[in-house]
Amino acid sequence: MSEEGVNPRRRRLLAITSGLGLVGTAFAATPFVLSMMPSARAKASGAPVEVDIGKVEPGQLLTVEWRGKPVWILRRTPEMLKTLKEDENFLADPKSSVDSQQPSYAQNIARSIKPEYLVLVGICTHLGCSPAQRLEAGAVSGLGDQWPGGFFCPCHGSKFDLSGRVYKNVPAPTNLEVPPYTYMSDTRIIIGVDQKGAA
Ligand code: FES
């Protein structure tokens, strides 16, 4: 495609990412999905990570690494999205209004740009453990019949819903962090850059 054929938003993103030495990777996914391998130099620099989300099936969670941190990309099913309104009474900050550091697109019940795809830093906001996935609802989760699906931190018992919103009366003080990210196309996102530029 000629440069004239590229829309201005995509051209701007390409300019940002090429200047930062764009790389991407995926590890420890459920299932394991490999995107692109990063160079050690790019990893160390905390460069933005481009991720192909096109092969993530509904209900699956892909883990990628950004700045040495796990970032989860969960493709939520309609049933998963339905739970987000139903569990609000159990949550400490259902509107994500407490933590003003969060990007504006984290301040809705889906906490995402597109409701179907949740993008979250997979680190507990209490003392930094990595919460376990408890995506399935009900007793199979080990968290009781009423569990709607979400994440459970095994270190001190914090619970988060399928938007990474923290439950009431647990040690974690805030919702899980939503990193800056932008869609480059319907099937590709870049983590570390949003409309305000690189994080
Ligand atoms: S580190 Fe997650 S609950 Fe303490």
Computed lengthening from residue 155 to residue 88, 0.36 nm per intervening residue step minus Cα-Cα distance: 21.7 nm
Whole-number D in µm²/s for the stretch 68-176 (Stokes-Einstein; Kirkwood sum over Cα pairs; 25 °C, 0.890 mPa s): 180 µm²/s
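Read the figures in this text as sums done on the coordinates, not as results from a lab. Predicted model, so just to flag it, every value in this text is computed and none were measured.
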